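Down below is the structure, laid out as structure tokens.
The values are calculated or read from the model by the stated rules, or taken from the named source; none is laboratory data. As the structure is a computational prediction, the values presented were derived from the model and not from experiment. A quick note on method: Cβ atoms are made from the backbone with ideal geometry, for glycine too, and the neighbour counts reach across all protein chains shown. Remember, those area values only see protein heavy atoms, side chains included, never the ligands or the DNA or RNA. Shrake-Rupley method; radii C 1.70, N 1.55, O 1.52, S 1.80 Å.
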Amino acid sequence: MHYQTKPAALAVTLALAALGQLANAADSTDSTDVQQMPEVVVHGTRPDSQANGSSLSPAQLAAQAARSSDSAQLLQDIPGLNLHAAGGFSSLPVLRGLADDRLLVKTDGASLIAACPNHMNSPLSYMDASKVDSVQVYNGAAPVSAGGDNIGGVIVARSAAPQFAEAGQILQTGNVGAFYRSNGDARGANASAILANDHVSINYTGSTALSNNYDAAADFKKSGLAATGRAWMDGKTVGSTAYKTENHELGLAWRDNDQLLEAKVGVQRTPYEGFANQRMDMTDNSSNQLNLHYNGQFAWGELDARLYSQYVRHSMDFGDDKQTIYGIYKGMPMDSASHTLGGSLTADLALNARDKLKLGSEIQRYNLNDWWPAAGGTGGMGPNTFWNIKDGNRDRVDAFAEWQADWTAQWRSIIGARLSQVKSNTGSVAGYNTTASYAPDAASFNAQNHARTDLNLDLSALARYTPSETAQYELAYAQKTRSPNLYERYTWSSNTMAAVMNNFAGDGNGYVGNANLKPEVAHTLSSSANWHAVDGEAWQLRLSPYYSYVENYIDAQRYGTANNNQTATTGYVVLQYVNQNAQLYGVDVSGKLQLAKTTGLGSFTATAQLSYTRGENLTTGDNLYNIMPLNAKLALVNTLGQWTSTAEWQAVRAKTDVSAVRNEVKTPGYSLFNLRTRYENKRFSVDVGIDNVFNRFYTLPLGGAYTGQGMTMSRAGIPWGVGVAGPARSLYTAFNLKF
């Protein structure tokens, strides 16, 4: 049987037309005895929290987890979401042009913070891809209850809910899994186990992953020694992309008919992770987490409470592909330590048949020390410790109220306000020594009052109209506010070497902080129209345009005059964070159409995505940095029994709107073809796939500058104008066995 409608046909036609245009611009170069109880706690997935958001199911996530150990990679099927490349399992999500700390990322309810001048230990890097069970992504106009201290949106990643046995029984279950990927010789394993009765559940999850450097499809640089004193590297190898990491978590849960109490203790140990767009590499990262959660269902509504703590000890130095000997110095150790303590309390009140009220509060205390031990001797990196941030703290207290009203069966409104106080401060700093390279900057910084208090107001208003079973429309406005992070406010040295080590943009430039930065305030107008079949499967088309005006957007300006820093149009430069005004606008389109459904061949469904984002600095007329160009994805999905197979075509236009102040490099367009298949029954699943089937060479549009090898301590010690190449063809397989 064939299904076809005008909106669905429009979706596929639109994607095909876009892909054709993009391609022309592309670079030419079964058992049932395992007892599993349903989830007993609602984690913000009720219909009212779906406003301005997209979700990914466990089935969608499982298919992507075989391809990468990076949890951020699981999000690539969310329209408008792209990835800023970083380490092998530490990519930074970019949602409609806004990334990193402009997004709030929650992992099992905890809002974690990167504790690194290069943001190597991003929040999602602490949750292995094999552990992610569901994802909810809200855009920048989402209701205030989704979270504060962000202007671009909220990403909520959750592991599986605890499982319990039937009354009077004992549940013993778990799974083991492993994967292999040919490009980079990546491999790893994961395991979990559950022991439970009807009231108490004990759970363990663990995973490990490691990889060598991956290869591009063609030479993008010269072959030779990766750096002075380092091993030979060919022109295809993307340096500093190897990694190794290990995660363990032990959970204990208790429930009765209406309540759930959970406690989780987790550790992560990462002995190394290379970064192809940073001048340093991670040489150790240790994280210890505690997460306590309570949920209660009462006659008056629902109460949810959480308390979490994380301690991070982080170290960086030059990895195996970067020069480590600089005269008398062997390496350049950089260390940081942080402690995050947070909590939240939310009450959902059903006032009457029409009205619901959600009240909540959050606290977060964050402490950070960032120091660089002397590298030896009495030269530029000695004899003292360099204090990048000393006794830094950033404490936030929020309270919000949100009212949802179902006026009729067709009309719903959600209106909310969140008030936030953010206090930040830091102590006195010092350079490696008291020479002119460091002393004047340190003295100037120490003479300032560092304490800052921001009072931030977030507002959100959404109207949803559902005229029929096949259509839904939303219009939303939000004012969202983000206070600067500690590195934006308090990094102080204009010394070129020190500045280039403070960079979470991945562009190879140096950055100096600005204690007088104001919070960013985004005014976002977002709408969506969703047309779909009654069953939600035969066809669907969603169109979502948006516009955001950002007051006090934290961009950058040139700092200092040495080496033509003010006028250079090529090469790496030194910048300082500064408040300016900006705008971002664009549209996301997605759709699907069931092409056929037969007994012998299964069902065939076409899916399509198209996203366009434009970002402009209104103060200077420059383009915003790292904006994804027009991109589209078209897939043909076949489901036959327990098999799901996908043929996928991705296409990206050339990136030509680049940030002049950063000397951002343009990238050519490209297209990729991927194949994958998955078999799954109640006991066993296996994935097999090929990414980049035709072995096309391409440069990652959001990959930043290639700084993965060579003399990276020196600003001009590595070639400028080379982007980070994307991976060549990779064959992969993964399996999971439940017991």
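Against the criterion of being part of a strand (DSSP E or B), hydrophobic (A, V, I, L, M, F, W, C) and farther than 30 Å from Leu357 by Cβ, Leu252 qualifies.
In region 262-278, what count of residues is obtained for those that are surrounded by 21 or more Cβ atoms within 10 Å (Cβ to Cβ) and closer than 23 Å to Val724 by Cβ?
So in region 262-278, the residues surrounded by 21 or more Cβ atoms within 10 Å (Cβ to Cβ) come out as 262, 264, 266, 268, 270, 273-278.
This time we only want the ones that are closer than 23 Å to Val724 by Cβ, so: 270, 273-278.
Result for region 262-278: 7.
Take the residues of region 614-628 that are farther than 16 Å from Leu95 by Cβ and assigned to a loop (DSSP other than H, G, I, E, B): which is least open to solvent (accessible area, probe 1.4 Å)?
Asp622
Comparison of Tyr308, Tyr294 shows that the only residue that is surrounded by 20 or more Cβ atoms within 10 Å (Cβ to Cβ) and assigned to a strand (DSSP E or B) is Tyr308.
Select from region 694-712 the residues that are among the hydrophobic types (A, V, I, L, M, F, W, C) and farther than 24 Å from Asp100 by Cα and write down the one among them that is surrounded by the fewest Cβ atoms within 10 Å (Cβ to Cβ). Show your work before the answer.
We begin by selecting, within region 694-712, every residue among the hydrophobic types (A, V, I, L, M, F, W, C); these are 694, 697, 700, 702, 705, 711.
Applying the additional criterion that residues be farther than 24 Å from Asp100 by Cα yields 694, 697, 711.
Working: Phe694: 10, Phe697: 19, Met711: 17.
Among those that are among the hydrophobic types (A, V, I, L, M, F, W, C) and farther than 24 Å from Asp100 by Cα, it is Phe694.
Within the set Leu104, Leu195, the sole residue that is under 28 Å from Thr613 (Cα atoms), modelled with pLDDT of 95 or more and open to solvent by 10 Å² or more (accessible area, probe 1.4 Å) turns out to be Leu104.
Considering region 466-574, the qualifying strands (runs of 3 or more DSSP E), each wholly inside and each with 1 or more residues that are closer than 18 Å to Asp588 by Cβ and open to solvent by 20 Å² or more (accessible area, probe 1.4 Å), run over 471-482, 520-532, 539-558.
Restricting attention to region 323-339, and to residues there that are of a type outside the set (A, V, I, L, M, F, W, C) and under 32 Å from the mean Cα position of the chain (by Cα), which single residue is nearest to Ala716 (Cα to Cα)? Ranking the qualifying residues of region 323-339, first place goes to Gln323. In the set Leu634, Leu700, Leu630, Leu672, only one residue is touching a Leu at 6+ places or on another chain (Cβ under 6 Å) and within 21 Å of Gly80 (Cβ to Cβ); that residue is Leu634. Examine region 340-354 for a residue that is under 27 Å from the mean Cα position of the chain (by Cα), closer than 30 Å to Asn495 by Cβ and in a strand (DSSP E or B), and state whether such a residue exists. Checking region 340-354: at least one residue is under 27 Å from the mean Cα position of the chain (by Cα), closer than 30 Å to Asn495 by Cβ and in a strand (DSSP E or B). Would a scan of region 398-416 turn up a residue that is open to solvent by less than 20 Å² (accessible area, probe 1.4 Å), of a type outside the set (S, T, N, Q) and more than 34 Å from the chain's Cα centre (by Cα)? No, region 398-416 has no match at all.
Taken over region 139-157, the criterion of being at pLDDT 95 or above and either in a strand (DSSP E or B) or surrounded by fewer than 24 Cβ atoms within 10 Å (Cβ to Cβ) (or both) is satisfied by Gly153, Val154, Ile155, Val156, Ala157.
Return yes when Ala716 is at pLDDT below 95 and under 19 Å from Asn502 (Cβ atoms) and no when it is not.
For Ala716, the condition - at pLDDT below 95 and under 19 Å from Asn502 (Cβ atoms) - is met.
All told, Arg662 meets the bar of being of a type in the set (D, E, K, R) and within 30 Å of Val573 (Cα to Cα).
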